[in-house]
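Written out below as C-alpha cells is the structure these notes cover.
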Amino acid sequence: MLKGALAAVGVAFATGLVSARAVLAAWNAAAFRAEDPATALQGLLGTSEHTPSDAVRLQAPDDAENAAAVRVTVEVDLPNVRSISLIASGNPYPLVASFELGPRAEGFISTSIKMAQTADVVAVVKTDDAILSAAKRVNAAAGRCVG
C-alpha cells in the first residue's frame, strides 16, 4: 500500500499534476517558525484562543521511550473537524504538526513527534463552530541515557 501511495505521488510530480511549489505554498512558514505556542496558533488559525474540551481525546505516553519519536493520537467525536494541530510547548518551535482534514474525513490523526524536553503536548482542533483543545504532560527525558 505504501509503495502504491509513493508511486502515485511520484507520478503526480513527474506529470506535473502536483508541483513542489504548490505543496510548499500551503506550508505556513511563519506559524511553524514561531517560538511560542500563542504566536504559532495566531499565525495558523488566526487566533491563539482555544477551549479545553472532553470531546478532544489526546493519547500520548506519560514517559516517552524515545523523545525523537513520541507517538501521539488525537480523536474527536464532533462534526466538521477542519484541522488538528499539535503543539509541543517545550520545543524551540512548538508547532510540530498540523493536519487539514477534508469534509468527509473523521476527526482522527496518529503520528510521531519530536520533543526537546519534558513539556505539555497540546492538540488543537478547529471545527466549523469552535477551536478546542486537550493537553497532556509528557516526560521526554524518561528514555534518555544519563551518564
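The values are calculated or read from the model by the stated rules, or taken from the named source; none is laboratory data. What you see is a predicted model, and the numbers here were worked out from it, not measured in a lab. Here the Cβ positions follow ideal geometry from the backbone for every residue, glycine too, while neighbour counts run over all protein chains shown. In case anyone asks, the SASA skips ligands and DNA or RNA and just uses the protein heavy atoms, side chains included. Shrake-Rupley method; radii C 1.70, N 1.55, O 1.52, S 1.80 Å.
Does the range 48-65 contain any residue that is of a type in the set (Val, Ile, Thr), touching a residue at least 24 places away in the same chain (Cβ under 8 Å) and touching a Lys or Arg at 6+ places or on another chain (Cβ under 9 Å)? It would help to see each step written out before you state the result.
Start the filter on the range 48-65 by keeping residues that are of a type in the set (Val, Ile, Thr), which leaves 51, 56.
Right, trim to touching a residue at least 24 places away in the same chain (Cβ under 8 Å) and you get 51, 56.
Now drop any that are not touching a Lys or Arg at 6+ places or on another chain (Cβ under 9 Å), which leaves none.
Taking every residue of the range 48-65 in turn, none turns out to be of a type in the set (Val, Ile, Thr), touching a residue at least 24 places away in the same chain (Cβ under 8 Å) and touching a Lys or Arg at 6+ places or on another chain (Cβ under 9 Å).
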When the range 64-74 is checked residue by residue, the ones that are open to solvent by 30 Å² or more (accessible area, probe 1.4 Å) and under 12 Å from the mean Cα position of the chain (by Cα) are ARG71
Answer residue from the range 29-42, given it is in a helix (DSSP H, G or I) and touching a residue at least 40 places away in the same chain (Cβ under 8 Å) and is farthest from ASP129 (Cα to Cα) among those = ARG33
Pick from SER112, SER48: which is in a strand (DSSP E or B) and at pLDDT 95 or above?
-> SER112
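Restricting the search to the range 75-103, which residues are among the hydrophobic types (A, V, I, L, M, F, W, C), open to solvent by less than 50 Å² (accessible area, probe 1.4 Å) and not in a strand (DSSP E or B)?
Keep residues of the range 75-103 that are among the hydrophobic types (A, V, I, L, M, F, W, C), which gives 76, 78, 81, 84, 86-88, 95-97, 99, 101.
Subset that is open to solvent by less than 50 Å² (accessible area, probe 1.4 Å): 76, 81, 84, 86-88, 95-97, 101.
LEU101, the sole residue that qualifies.
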Going through (1) farther than 20 Å from ALA30 by Cβ; (2) touching a strand residue (DSSP E or B) at 6+ places or on another chain (Cβ under 6 Å); (3) free of Cβ contacts under 8 Å to residues at least 24 places away in the same chain one by one, PHE99 fails only at (1)
